[in-house]
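Below is one structure, written out as structure tokens; comments come after it.
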Amino acid sequence: MSLQMVSTVSNSSLLQPGFSLLNFDGHVFFFGQKGWPKRSCPTGVFLLDIKRNELKMKPVMFSKDSCYLPPLRYPALCTLRSDARADEYQYIIHGGKTPNNDLSDKIYFINLVSKTSKKMMLQCIEKDLGGDVPEARYGHTINVVHSRGKSMSVLFGGRSYAPLAQRTTETWNSVVDCLPSVFLIDSEFGCCTSYILPELQDGLSFHVSIARGDTVYILGGHSLQNNIRSPSLYKLKIDLPLGSPAVTCTILPGGISVSSAIVTQISDTEFVLVGGYHSDNQKRLACNTIVLEDSKIEIVESVSPEWTPDIKHCRMWFGCDMGKGSVLLGIPGASKQIIPDANYFYILRCKGAEEDKEEELITQICSQTSSEDPGDSTPFEDSEEFCFSAEANSFDADDADTYNEDDEEDESETGYWITCCAGCNIDINTWVPFYSTELNKPAMILCSSGAGHWVHAQCMDLSETMLLRLSEANVKYFCNKHVDLNKGLQTPQKVLCLKKPPMKPLRKKKAMKLSTSTKKSFLRRLFE
């Protein structure tokens, strides 16, 4: 094992306990940022670019057919393949905490759709669940098992908020263990089925789960009800015949009392268990190797890396599996450093350089980040703020798309999060998409009154059809406040009068001059 410190990007406070990492073809993506996404990276997903021991964050875009994905901390995450030996795969994300501390019960599927030298694009799809749908939770695990040519997702554990009937003003955010039920989820159709097994008596969270074939192994975890870290090792075997699935549980010896540990895979059958906690105030510095062969599991203690004094003496640590035998670890910085609340980051490589060139491993793995908060009734992860920090000159000239939080506007006062009118109820902390065209910011429209000002379409009670029509047509729009004023001030258009040609005066006809003989002849005929 080798431990190496990395420098981090300046002025970025996105990385905090509870984040997740996705590995597509050796490229590591960060998910689960602090706060809601901003304009520089509306998806909230970043590519971690690590070169010369410097870590940079680059925004990643979603495809046009993707759904909205909120930043979720402590979700359950694993890879999904069509079969155990398939090369292509996607990630499953279930549950987790939003920046508002709301819990999610949704499930998302993320895959890599395009990759170039400078830009990468992901696709995110939400799947509707039916049947025995798991309640919203966090700190749980999900794995994929394969049996008889079929696959199924296995979800277990986690924490959720106490039922409404048991919550008071003082204990409104109190969390409890979820029931120790095992959920089978059909990834294709979204059908969920729950199983209650007698061997599973206590709810667990921040445990480790490893899947191989048709078996899931559950190790460690913390129980709020008993305030213990379980030393048990559970073996879940899932059989998927043509009829109803069969789920059995066996308690095996040789477990480890640990919570919030990280597992990374170093070969087809070997895993390394790193980090975690023995108790609320005691980190676990030992490492273990887990070997899975022939439906058997063996856990042996392995040589630990040379931990730095900062790691040994820090009160807590957190991190996540980077894939291919590497782990990203973070610890709080010293209180005397120039940048307050900054963190130190390390990359732990659990296998040699030659082994890093092996093909991508196929066994499914799911583990929670080592950042569990002791006594989660007052969430520890929310009482501590952590941030990326390093020298600003770590940027290269060609890295124009590297994320820098200094480039962000203060959206609480300007931009999309303004108070557009007296009845404006758009808030950055509580807003959710209202129109189908919205992704991570509210739709706005320009009022043409005076110098012009922007208003939220939702606050103006605009229908989606009208909003699309106004955005496509080249017409002026006036908000609810100025529409009547505009009508009163508007002068009617001048009507052009048709110019009629002047009438010509009638000319008087000249009297005809008659001779005397003619007059006499006319009179004679008149009186005859």
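The values are calculated or read from the model by the stated rules, or taken from the named source; none is laboratory data. Keep in mind that what you see is a predicted model, and the values were worked out from it rather than measured. Here the Cβ is made from the backbone with ideal geometry for all residues, glycine too, and neighbour counts use every protein chain on show. When the accessible area is computed, the model is the full protein with side chains, heavy atoms only, and any ligands, DNA or RNA have been set aside. Shrake-Rupley method; radii C 1.70, N 1.55, O 1.52, S 1.80 Å.
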Review point. Does Arg39 satisfy the criteria of being modelled with pLDDT of 85 or more and out of contact with any Leu (no Cβ under 9 Å at 6 or more places or on another chain)?
Key: no
Exercise for review: Among what's in segment 451-464 and is over 28 Å from the mean Cα position of the chain (by Cα) and closer than 11 Å to Lys481 by Cβ, pick the residue that is modelled with the highest pLDDT.
Suggested key: Met460
**Study point:** Residue in segment 302-329 that is nearest to Thr141 (Cα to Cα), counting only those that are of a type in the set (D, E, K, R) and either touching a His at 6+ places or on another chain (Cβ under 6 Å) or at pLDDT 90 or above (or both)
**Key:** Asp321
Exercise for review: Name every residue in segment 281-305 that is surrounded by 15 or more Cβ atoms within 10 Å (Cβ to Cβ) and out of contact with any Cys (no Cβ under 6 Å at 6 or more places or on another chain), in order of residue number.
Suggested key: Lys283, Arg284, Leu285, Ala286, Cys287, Asn288, Thr289, Ile290, Leu292, Ile297, Ile299, Pro305
Review point. Restricting segment 57-103 to residues that are at pLDDT below 90 and polar (S, T, N, Q), which is most open to solvent (accessible area, probe 1.4 Å)?
Key: Ser82
Point to revise | Residue ID - nearest to the chain's Cα centre (by Cα), chosen from residues in segment 251-280 that are within 15 Å of Ala211 (Cα to Cα) and open to solvent by 20 Å² or more (accessible area, probe 1.4 Å) | key: Ile266
Exercise for review: Go through the residues of segment 279-287 one by one and say whether even a single one is of a type in the set (Ser, Thr, Tyr) and within 25 Å of Cys249 (Cβ to Cβ).
Suggested key: no
Check your understanding: Can you find a residue in segment 134-142 that is among the polar types (S, T, N, Q), open to solvent by less than 10 Å² (accessible area, probe 1.4 Å) and closer than 26 Å to Thr193 by Cα?
Key -> yes
Revision key, fill the gap. Filtering segment 103-132 down to residues that are in contact (Cβ under 8 Å) with a residue 24 or more places away in the chain and part of a loop (DSSP other than H, G, I, E, B) yields Ser104, Asp105, Lys118, Lys119, Asp128, Leu129, Asp132
Review point. Of the residues that sit in segment 444-485 and are assigned to a loop (DSSP other than H, G, I, E, B) and touching a Pro at 6+ places or on another chain (Cβ under 9 Å), which one is most open to solvent (accessible area, probe 1.4 Å)?
Key: Gln458
Revision key, fill the gap. If we keep only residues of segment 11-68 that are of a type outside the set (S, T, N, Q), more than 13 Å from the chain's Cα centre (by Cα) and in a loop (DSSP other than H, G, I, E, B), then the residue farthest from Glu438 (Cα to Cα) is Arg52
Check your understanding: Between a first residue in segment 140-164 that is without any contact (Cβ under 8 Å) to a residue 60 or more places away in the chain and farther than 19 Å from Leu80 by Cβ and a second residue that is charged (D, E, K, R) and open to solvent by 10 Å² or more (accessible area, probe 1.4 Å), which pairs have beta carbons less than 7 Å apart while being 6 or more apart in sequence or on different chains?
Key -> Ser160/Glu135
